Each structure stands twice: as C-alpha cells, then as structure tokens.
Amino acid sequence: MRPGCAWWTDWLCGLGRVALLAREAFGSLLRGRAGWRDVLYQIYFMGVKSQSVILITGAFTGMVLAAQTFFQFHKVKMDTATLAVVSVSMCSELGPVLTGLMVAGRVGAAIAAELGTMRVTEQIDALRTLATHPVDYLVVPRLLAAHIALPLLTAEAITVGIGAGYLVGVGLLGIDAAYAWHNMLRYTGAVDVIMGLIKAVIYGGIVALVGCYKGLNCGLGAEGVGRATTEAVVVASISILVANFFLTLGLTPLLTALGL
Amino acid sequence: MIEVRHLTKRFGSQTVLDGVNLRIECGESLVIIGRSGGGKSVLLKHLIGLLQPDAGAVLVDGQDITYMDERSLLQVRRKFGMLFQSAALFDSLSVAENVAFAFRNRRDLTPGEIARRVSEALELVDLPGIEHKRPAELSGGMRKRVGLARAIVYRPEILLYDEPTSGLDPIVADSIDQLIMRIRDCLRVTSVVVTHDMRSARRVGHRVAMLHEGRIYAVGSTEEIFASTDPVLRRFIDGISDPKHPDF
C-alpha cells in the first residue's frame with residue numbers, strides 16, 4: 001500500500017468501527033438491555049448540568065444575530081423582518097448546531113475521558129469479567145440520554161435565543177413589536193422547528209457515539225486518555241458541521257414533500 | 001477444567017506468548033510465575049476471553065472460547081471471578097454497589113438478599129461495615145480485598161488473581177495470601193494466581209508453572225518447583241540477576 005493511503009485506511013477503519021458500535025448499541029437498545037437508572041442519570045448529567053452553557057450560548061447567539069440582522073436590514077427599511085430571520089436561523093440551523101457543538105465540548109469530552117480512564121484502569125475488563133457487556137452498561141445509556149437530552153436542550157436554546165433576540169430587537173433597537181412578532185410567525189414554519197429537532201436527535205447520537213468510541217478505544221496512560229478526549233471533541237464537532245450541511249440539503253425537500 | 005493449547009499472542013512485532021500449553025484441573029490452585037512483562041497477565045486474560053490469541057485455543061470445561069463472540073463469552077464468564085492487579089473497582093460506585101455489581105440484572109434476588117450477600121462477602125475478606133465507602137477512600141490492600149469480595153460474591157467456579165500482592169507491604173500481602181487460601185478451601189474454587197512474589201507462590205499454589213520466553217518452561221508441584229536445581233528456575237526463585245546478561 002502506498003504510504004499516502006495510510007490515513008485514509010485508518011479513517012475508513014475508524015468509521016467502520018463506529019458503525020459496528022452503533023449497530024451493537026442500537027441492537028442492545030431495542031432489546032431493552034439499558035438500565036433506566038443509568039439512562040436517567042445520564043440525562044441529568046447531559047441535560048441539567050449543561051443548562052448554563054446552553055442558556056448563555058442560546059441567549060448571546062440570538063442577541064448578536066438580532067443586532068447584526070437589524071443593522072443590515074435597517075439599510076433597506078426591513079427592520080420588522082429581523083425577528084423572522086432570527087427565528088428561522090435559530091430553529092433550523094444555529095439552535096441545533098451550536099447546542100451540538102457545546103454538548104460535544106462538554107459531554108463528548110467527559111464521556112471520552114471517563115470511558116478512557118475506565119479502560120486504562122482495567123475497569124472495562126472488570127465489567128466484562130462480571131458478565132456485563134460494556135456497550136449495554138456504558139454506551140447505550142449515554143446514547144439514549146443524548147438522543148433525549150439534545151432535542152430538549154436545542155428547544156431551550158431556540159426559545160432563549162428568540163427571546164433574547166426579541167429583547168434586543170424590540171427593547172434595544174426599537175423594532176415595532178407587533179410587526180416583528182407577526183413576521184416571525186409568518187415566516188417561521190413547523191418545518192424549521194421539526195428540522196432543528198431532527199438534527200438535534202442526530203447530533204446527540206454523534207456526540208455520544210464518538211465520545212464512547214474514542215473512550216473505549218483510547219491509548220494507554222494519561223496521554224492516551226488526553227488524546228482520546230481531544231479527538232472526541234474535534235471529531236464530533238467536525239461531524240456535526242459536515243452532517244448539518246447534508247441534513248439541511250436532504251431534510252428541507254423531504255419535510256416540504258411531507259407537507260410540513 | 002481449563003486447557004490452553006499452543007497459545008500464541010503477538011503485540012505488533014513482539015511475540016509475548018509463543019505456543020503455550022497448560023492444563024488446569026478442577027479445584028486445584030495453580031500459580032503462574034515469570035519475569036515482569038513476560039506475558040503472565042496476558043495468559044490470564046486469555047483464560048477468561050479478555051484477549052483473543054493469534055493462534056491456539058483455550059477450552060473451558062471442554063468448550064472452545066477462543067473465537068467466541070462477546071455476548072456468548074458473557075455466559076462463560078459467569079463461571080469466573082477475577083481480581084485485577086489494580087483491583088479495578090468502579091470509581092463511580094460505592095463499595096456495596098461494586099460488590100453487588102454482578103447482581104444488577106438479577107430479578108430473582110430481592111434488595112435485602114443482595115445486601116446480605118454483599119455483607120457476607122465483605123466479612124469473608126475481613127472488611128465488614130464499609131459498604132457505604134467509595135473506592136477512593138480505601139487503601140491499596142482494602143481495594144484488593146473489595147475486588148476479591150466482588151469476584152467471589154456470586155460464587156464462581158474459577159478465580160483468577162492477577163498479581164494479588166503486588167504493591168502491598170509484607171503484612172498486607174500476607175493477609176491477602178491467607179485470604180486466597182481461605183477462599184480456595186472454603187469455596188472449593190479452582191484458583192489461578194499470577195505472581196512474581198515467591199513467598200506467595202509457595203503458600204497459595206498446589207502447582208506452579210513458570211512462563212519463560214513466551215512458553216511454559218516448567219510445571220510441577222510447588223515442592224518440586226521450589227526444590228528444582230534448574231538454573232533458570234533457581235535464578236528466578238532466588239532472585240539473582242545475571243551480570244553478563246543484564247535483562248532490564
């Protein structure tokens with residue numbers, strides 16, 4: 001094999017292993033092997049403990065988006081369309097993507113570090129000797145929790161972002177509240193909200209699967225755990241950004257065809 | 001009964017096990033000795049299917065586990081208990097939760113019954129009343145004892161010990177040895193102990209096997225091995241390095 005091909009084959013092997021992990025995890029999920037206490041704890045860890053990050057991200061994104069849109073629209077006397085832009089952007093793109101990225105940074109890193117440490121301290125081997133499949137005990141609760149927590153966090157980020165955008169637009173920049181509200185409702189469709197939530201479910205899967213994969217396959221020692229953590233955040237973030245493009249391209253015509 | 005046939009394991013270009021043959025009978029206590037990094041723990045992990053060999057086979061009660069998938073292996077592993085070198089307690093769980101871990105999916109046991117069995121296991125390892133503590137609050141010797149309680153609480157047929165006395169002071173190491181002997185005699189389990197602690201090997205083993213250069217170099221009763229005049233065995237048992245070939 002040519003030396004230049006090595007990283008391609010590594011990348012493809014990694015992708016294949018993540019796919020196998022996903023198959024194993026979804027198989028386990030469907031057979032009900034996850035413990036509900038573990039799932040609830042993970043929802044708490046991913047959802048409740050991410051509140052401050054999501055609130056700040058959502059609020060400031062909505063505010064800056066409202067301000068920047070207003071500055072451009074004001075030149076062409078379209079001030080009252082500002083909130084519509086904020087709303088559509090937050091629902092279909094910025095809400096799910098930024099929530100996904102923030103959760104990838106906070107939760108993806110934590111998953112990779114925790115599972116990586118368990119691997120290097122032989123705790124994963126101990127699980128296996130106690131007749132427990134690591135996927136059932138470690139991956140499935142995190143995957144299921146991420147699938148549930150991410151849409152909820154995204155909905156929260158969208159709501160806070162639009163609210164903060166409204167406060168900046170109406171309260172600070174002087175946009176007419178009635179027209180702004182009317183335009184926002186007129187141009188924001190169910191399709192935007194549904195697309196955002198579908199994306200969030202998928203990003204939840206990406207964050208959990210990448211974090212678990214990197215943790216379960218990390219190298220030895222503290223260096224291995226550190227590298228796995230960094231890689232989990234980088235790979236999950238890039239995957240979210242790439243997936244976002246294809247999801248927008250695929251979901252928009254699909255949801256429109258479904259009459260939403 | 002465990003049978004290891006022509007087991008070979010390589011990590012990259014390094015051959016760690018090179019055609020190991022070994023037979024462990026029911027109820028016996030076998031000690032595997034050998035140099036650090038010589039593949040003792042690797043061999044132990046093959047016995048329970050934690051590692052897959054490059055060649056050869058491992059049979060547990062006549063069942064070939066060599067290329068069994070992970071889900072089928074989980075059933076075989078119910079026969080085993082294992083004490084890890086670092087104890088490998090789950091940090092996020094209390095001592096009681098660690099010891100009761102094997103019962104987490106057992107619907108036939110009530111919480112009261114589980115608590116009773118946890119308490120019994122902890123008493124057997126001389127650590128009663130520490131159920132509520134976290135692994136981080138325990139000393140090295142206590143961690144190993146809790147690891148042992150976790151391994152015996154569900155009454156396995158075979159117990160594997162990976163360096164049970166490493167990193168412990170002589171008094172704690174002695175108490176661990178006594179514990180291994182007590183468990184061996186009380187529960188009548190098959191024990192496989194990996195160690196390079198000669199005092200421990202002499203006390204806990206019915207038989208001793210020496211792993212040297214990837215192969216079983218010698219195997220025999222504890223008395224035979226410790227009385228052997230073979231230069232490789234003697235050097236290892238007496239802890240004498242070779243100044244002409246310093247292998248560190």
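Give the number of residues within region B:211-231 that are surrounded by fewer than 14 Cβ atoms within 10 Å (Cβ to Cβ) and more than 19 Å from the chain's Cα centre (by Cα). Spell out how you get there, then give the answer.
Going through region B:211-231, the residues surrounded by fewer than 14 Cβ atoms within 10 Å (Cβ to Cβ) turn out to be B:213, B:221, B:223-224, B:227, B:229-231.
So of that shortlist, the ones also more than 19 Å from the chain's Cα centre (by Cα) come out as B:213, B:223-224, B:227, B:229-231.
Here the count works out to 7.
Test B:R155 against the criterion of being loosely packed, with under 14 Cβ neighbours inside 10 Å and within 14 Å of chain A (Cβ to nearest Cβ), and give yes or no. Let's see the steps before the verdict.
Numbers: loosely packed, with under 14 Cβ neighbours inside 10 Å: yes; within 14 Å of chain A (Cβ to nearest Cβ): yes.
Yes; evaluated as a whole, the condition is true for this residue.
Cβ-Cβ below 6 Å, separation at least six or inter-chain, first residue in region A:118-145 and more than 7 Å from chain B (Cβ to nearest Cβ) and charged (D, E, K, R), second surrounded by fewer than 23 Cβ atoms within 10 Å (Cβ to Cβ) and not in a helix (DSSP H, G or I): which pairs?
Matching pairs, first to second residue: A:D136/A:R33.
Give me a count of the residues in region B:161-210 that are in contact with a strand residue (DSSP E or B) (Cβ under 6 Å, 6 or more places away or on another chain), among the basic types (K, R) and either over 17 Å from B:V125 (Cβ atoms) or crowded, with 23+ Cβ neighbours inside 10 Å (or both).
Here the count works out to 1.
List the number of the failed condition for A:A178; all other conditions in (1) in contact with a helix residue (DSSP H, G or I) (Cβ under 8 Å, 6 or more places away or on another chain); (2) of a type in the set (A, V, I, L, M, F, W, C); (3) farther than 30 Å from B:V153 by Cα; (4) more than 13 Å from chain B (Cβ to nearest Cβ) hold.
Unmet for A:A178, out of (1) in contact with a helix residue (DSSP H, G or I) (Cβ under 8 Å, 6 or more places away or on another chain); (2) of a type in the set (A, V, I, L, M, F, W, C); (3) farther than 30 Å from B:V153 by Cα; (4) more than 13 Å from chain B (Cβ to nearest Cβ): (1).
Could you run through region B:58-86 and say how many residues are polar (S, T, N, Q) and at the interface with chain A (Cβ under 8 Å from one of its Cβ atoms)?
First, the residues of region B:58-86 that are polar (S, T, N, Q): B:63, B:66, B:72, B:75, B:85-86.
Next, only the ones that are at the interface with chain A (Cβ under 8 Å from one of its Cβ atoms) stay: B:75, B:85-86.
Selection size over region B:58-86: 3.
Wholly within region A:115-190, which helices (runs of 4 or more DSSP H) include no fewer than the required count, namely at least 1 residues that are within 21 Å of B:K45 (Cβ to Cβ)?
A:123-129
Just to be sure before I move on: is B:L89 within 28 Å of B:V172 (Cβ to Cβ), in contact (Cβ under 8 Å) with a residue 12 or more places away in the chain, in a loop (DSSP other than H, G, I, E, B) and within 12 Å of another protein chain (Cβ to nearest Cβ) in the structure I sent? Steps first, answer last, please.
Values: within 28 Å of B:V172 (Cβ to Cβ): yes; in contact (Cβ under 8 Å) with a residue 12 or more places away in the chain: yes; in a loop (DSSP other than H, G, I, E, B): yes; within 12 Å of another protein chain (Cβ to nearest Cβ): yes.
It is true that B:L89 is within 28 Å of B:V172 (Cβ to Cβ), in contact (Cβ under 8 Å) with a residue 12 or more places away in the chain, in a loop (DSSP other than H, G, I, E, B) and within 12 Å of another protein chain (Cβ to nearest Cβ).
Out of the residues in region B:105-133 meeting the condition of being surrounded by fewer than 16 Cβ atoms within 10 Å (Cβ to Cβ) and within 14 Å of chain A (Cβ to nearest Cβ), tell me which one is farthest from B:D177 (Cα to Cα).
The residue in question is B:R107.
Considering region B:189-245 alone, what residues qualify as being of a type in the set (G, A, S) and either without any contact (Cβ under 8 Å) to a residue 24 or more places away in the chain or in contact with a His (Cβ under 8 Å, 6 or more places away or on another chain) (or both)? Walk me through how you get there before you give the answer.
So in region B:189-245, the residues of a type in the set (G, A, S) come out as B:191, B:200-201, B:205, B:209, B:214, B:218, B:220-221, B:227-228, B:239, B:241.
If the condition is that a residue be of a type in the set (G, A, S) and either without any contact (Cβ under 8 Å) to a residue 24 or more places away in the chain or in contact with a His (Cβ under 8 Å, 6 or more places away or on another chain) (or both), then B:A218, B:G220, B:S221, B:A227, B:S228, B:S241 are the ones that fit.
Here, each number is a calculation from the coordinates, and none is a lab measurement. On a predicted model such as this, the values are computed, not experimentally measured, just so you know. Note that we place each Cβ from the backbone using ideal geometry, even for glycine, and neighbour counts take in every protein chain shown.
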